[in-house]
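> Take a look at this one; I'll ask things after.
The values are calculated or read from the model by the stated rules, or taken from the named source; none is laboratory data. Remember, it's a predicted structure, so these values are computed and weren't measured experimentally. Cβ coordinates were reconstructed from backbone atoms using ideal geometry, including for glycine residues, and neighbour counts include every protein chain displayed.
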Ligand code: CP3
């Protein structure tokens, strides 16, 4: 589940009472412990490294703050060509070694119980936070830059792509068995700008990973880009709930496994409803490889027993749930 190693688990919140988010990411013992919590509590079929997509930007020299309740903030946003030079092409082993150490600890702790998924953001989505200075309602700085000076923005994206590539390769070398890249804001772009700006940087970040481990690409709000996404050099396409998986399958053909895509608010419904919706999802994903997942991050107020009910429903054979299939 997206964000399974996160705020909805009471045992996570307990640790967070003692340490702030960035310190948690940078303390391998604790980050490994938090990664394992949902594996133990929910019985999910994979562990997701506890880290954040924004860490490589901090490593490149961009000050990053997680203020209580406000989400991530970059107090010195990068908004024009001259700002790009402030970002360093760092050696990831020097600056992000704590992440790779967490991966190594986890592989030892998991001893092949479940696979470990590493991750990062796509260059476009990382740039979205860096250019806006945090989350945003309109992404006006980013989108205005994309029309006014696409070559300048491409320069920023390429610089982020190079460090991202090193970061993801190092996760694999430390033991990550699959890599997921999050393109949370990829859907902001029309297909033309996505092809012109987001795609080249994404390919540059993924190139050194090809053939090493399965790659999962996630996009939020990207159903207008399905033709482009069907051609990406990844094994798994992960989508949000706005488009049913059978429709995605029809559109992109059979070459990729699909991942997703339950609306996370479904997990706030009664357990019978969750089971029924899980079964519907399984039927929609049938007829091709399907990794059952949420369509976006699990919400912090999700009851643990509801998350567990979803996992159990997904692990039963199709038709063995509520009888909906018969
Ligand atoms: O199981 C997991 O998925 C845990 C690892 C993980 C985190 N962030 C930990 C985290 C992963 C895969 C991410 C990805 C991530 N981070 C994305 C892409 C996925 C998505 O949700 O679209 C994005 C956009 C970020 C950037 C980020 N980090 C934001 C916007 C926020 C604040 C909003 C929020 O949901 O809390 C974070 C903080 C963050 N990253 C938390 C966790 C557990 C919450 C920190 C806390 O308060 O303890």
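> Yes or no: the range 121-141 includes at least one residue that is in a helix (DSSP H, G or I) and away from the ligand (no atom under 16 Å from the Cβ). Even if it seems obvious, please write down each step before you answer.
The initial filter retains those residues of the range 121-141 that are in a helix (DSSP H, G or I), namely 123-132, 140-141.
Now restrict to residues that are away from the ligand (no atom under 16 Å from the Cβ): 140-141.
Checked against the condition, which is being in a helix (DSSP H, G or I) and away from the ligand (no atom under 16 Å from the Cβ), the range 121-141 yields at least one hit.
> If you don't mind, there's one more thing I want to ask. Quick one: which residue in 94, 83, 45, 52 is surrounded by fewer than 16 Cβ atoms within 10 Å (Cβ to Cβ) and either within 10 Å of the ligand (Cβ to nearest atom) or in a helix (DSSP H, G or I) (or both)?
Details: 83 fails: surrounded by fewer than 16 Cβ atoms within 10 Å (Cβ to Cβ); 45 fails: either within 10 Å of the ligand (Cβ to nearest atom) or in a helix (DSSP H, G or I) (or both); 52 fails: surrounded by fewer than 16 Cβ atoms within 10 Å (Cβ to Cβ).
The unique qualifying residue is 94.
> Moving on to the next point. Residue 18 - would you say it is within 8 Å of the ligand (Cβ to nearest atom), out of contact with any strand residue (DSSP E or B) (no Cβ under 9 Å at 6 or more places or on another chain) and either more than 17 Å from residue 67 (Cβ to Cβ) or modelled with pLDDT under 95 (or both)?
Working: within 8 Å of the ligand (Cβ to nearest atom): no; out of contact with any strand residue (DSSP E or B) (no Cβ under 9 Å at 6 or more places or on another chain): yes; either more than 17 Å from residue 67 (Cβ to Cβ) or modelled with pLDDT under 95 (or both): yes.
No; evaluated as a whole, the condition is false for this residue.
> Any chance you could count how many residues in the range 177-199 are part of a strand (DSSP E or B) and within 20 Å of residue 50 (Cβ to Cβ)? Steps first, please.
Residues of the range 177-199 part of a strand (DSSP E or B): 178-183.
If we keep only those that are within 20 Å of residue 50 (Cβ to Cβ) too, we end up with 178-182.
Within the range 177-199, residues that are part of a strand (DSSP E or B) and within 20 Å of residue 50 (Cβ to Cβ) number 5.
> Determine, yes or no, whether residue 90 is over 21 Å from the mean Cα position of the chain (by Cα) and closer than 24 Å to residue 24 by Cα. Don't jump to the end; show me each part of the working.
Numbers: over 21 Å from the mean Cα position of the chain (by Cα): yes; closer than 24 Å to residue 24 by Cα: yes.
Yes.
> Then there is this: When the range 108-126 is examined, which residues are found to be more than 18 Å from the chain's Cα centre (by Cα) and either within 16 Å of residue 293 (Cβ to Cβ) or at pLDDT below 95 (or both)? Break it down into steps so the answer makes sense when it comes.
Start the filter on the range 108-126 by keeping residues that are more than 18 Å from the chain's Cα centre (by Cα), which leaves 108-114.
Those that are more than 18 Å from the chain's Cα centre (by Cα) and either within 16 Å of residue 293 (Cβ to Cβ) or at pLDDT below 95 (or both): 111, 112, 114.
> If you don't mind, another one. I need every pair where a residue in the range 174-193 that is closer than 14 Å to residue 139 by Cα has its Cβ under 6 Å from the Cβ of a residue that is within 12 Å of the ligand (Cβ to nearest atom) and part of a helix (DSSP H, G or I), sequence separation at least 6 or different chains.
184/125; 185/125; 185/128; 186/124
> Against the condition within 18 Å of the chain's Cα centre (by Cα), crowded, with 19+ Cβ neighbours inside 10 Å and within 13 Å of the ligand (Cβ to nearest atom), how does residue 24 come out, does it pass? Give the steps one after another, and end with the answer.
Details: within 18 Å of the chain's Cα centre (by Cα): no; crowded, with 19+ Cβ neighbours inside 10 Å: yes; within 13 Å of the ligand (Cβ to nearest atom): yes.
Criteria not met by residue 24.
Yes/no per residue for (1) within 16 Å of the ligand (Cβ to nearest atom); (2) surrounded by fewer than 24 Cβ atoms within 10 Å (Cβ to Cβ):
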{"site": "111", "(1), (2)": "no, yes"}
{"site": "162", "(1), (2)": "no, yes"}
{"site": "178", "(1), (2)": "yes, yes"}
{"site": "185", "(1), (2)": "yes, no"}
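> When the residues of the range 61-72 are filtered to those that are more than 9 Å from the ligand (Cβ to nearest atom) and in contact (Cβ under 8 Å) with a residue 40 or more places away in the chain, which remaining residue is surrounded by the most Cβ atoms within 10 Å (Cβ to Cβ)?
Initial filter on the range 61-72 (more than 9 Å from the ligand (Cβ to nearest atom)): 61-65, 67.
Then keep just the ones that are in contact (Cβ under 8 Å) with a residue 40 or more places away in the chain; that gives 62, 64.
Values: 62: 22, 64: 18.
Restricting to residues being more than 9 Å from the ligand (Cβ to nearest atom) and in contact (Cβ under 8 Å) with a residue 40 or more places away in the chain, the top hit is 62.
> Just need a number here: residues in the range 10-30 that are free of Cβ contacts under 8 Å to residues at least 60 places away in the same chain, more than 22 Å from residue 307 (Cβ to Cβ) and part of a helix (DSSP H, G or I). Spell out how you get there, then give the answer.
Step one: of the range 10-30, the residues free of Cβ contacts under 8 Å to residues at least 60 places away in the same chain are 11-24, 30.
Now drop any that are not more than 22 Å from residue 307 (Cβ to Cβ), which leaves 18-20, 22-23.
From what is left, the residues that are part of a helix (DSSP H, G or I) are 18, 22-23.
Of the residues in the range 10-30, 3 are free of Cβ contacts under 8 Å to residues at least 60 places away in the same chain, more than 22 Å from residue 307 (Cβ to Cβ) and part of a helix (DSSP H, G or I).
> Identify, please: which residue in the range 67-80 is within 21 Å of residue 141 (Cα to Cα) and in a strand (DSSP E or B) and is, among those, modelled with the lowest pLDDT?
If we filter the range 67-80 for residues that are within 21 Å of residue 141 (Cα to Cα), which is where we start, we get 70-80.
Still in the running and in a strand (DSSP E or B): 71-73.
Values: 71: 91, 72: 97, 73: 98.
Here the answer is 71.
> Here's a check for you: in the range 214-232, which residue that is part of a loop (DSSP other than H, G, I, E, B) and surrounded by 19 or more Cβ atoms within 10 Å (Cβ to Cβ) is farthest from the chain's Cα centre (by Cα)?
Start the filter on the range 214-232 by keeping residues that are part of a loop (DSSP other than H, G, I, E, B), which leaves 214, 220-222, 231-232.
Retained after the next criterion (residues that are surrounded by 19 or more Cβ atoms within 10 Å (Cβ to Cβ)): 220, 222, 232.
Numbers: 220: 10, 222: 14, 232: 16 Å.
Among residues in the range 214-232 that are part of a loop (DSSP other than H, G, I, E, B) and surrounded by 19 or more Cβ atoms within 10 Å (Cβ to Cβ), the one farthest from the chain's Cα centre (by Cα) is 232.
> So is residue 247 surrounded by fewer than 16 Cβ atoms within 10 Å (Cβ to Cβ) and either within 15 Å of residue 1 (Cα to Cα) or at pLDDT 95 or above (or both) or not?
Details: surrounded by fewer than 16 Cβ atoms within 10 Å (Cβ to Cβ): yes; either within 15 Å of residue 1 (Cα to Cα) or at pLDDT 95 or above (or both): yes.
It is true that residue 247 is surrounded by fewer than 16 Cβ atoms within 10 Å (Cβ to Cβ) and either within 15 Å of residue 1 (Cα to Cα) or at pLDDT 95 or above (or both).
> In addition: Taking residue 142, is it buried (at least 18 other Cβ atoms within 10 Å of the Cβ) and under 28 Å from residue 40 (Cα atoms)? Lay out the reasoning, then the answer.
Values: buried (at least 18 other Cβ atoms within 10 Å of the Cβ): yes; under 28 Å from residue 40 (Cα atoms): no.
For residue 142, the condition - buried (at least 18 other Cβ atoms within 10 Å of the Cβ) and under 28 Å from residue 40 (Cα atoms) - is not met.
> Take residue 7 and tell me if it is within 12 Å of the ligand (Cβ to nearest atom), more than 24 Å from residue 86 (Cα to Cα) and at pLDDT 95 or above. Show your work before the answer.
Numbers: within 12 Å of the ligand (Cβ to nearest atom): yes; more than 24 Å from residue 86 (Cα to Cα): yes; at pLDDT 95 or above: no.
When the stated conditions are applied, residue 7 does not pass them.
> So which of 58, 33 ends up being more than 9 Å from the ligand (Cβ to nearest atom), modelled with pLDDT of 95 or more, in a helix (DSSP H, G or I) and over 24 Å from residue 139 (Cα atoms)? Can you show your working first?
Values: 58 fails: over 24 Å from residue 139 (Cα atoms).
The conditions single out 33.
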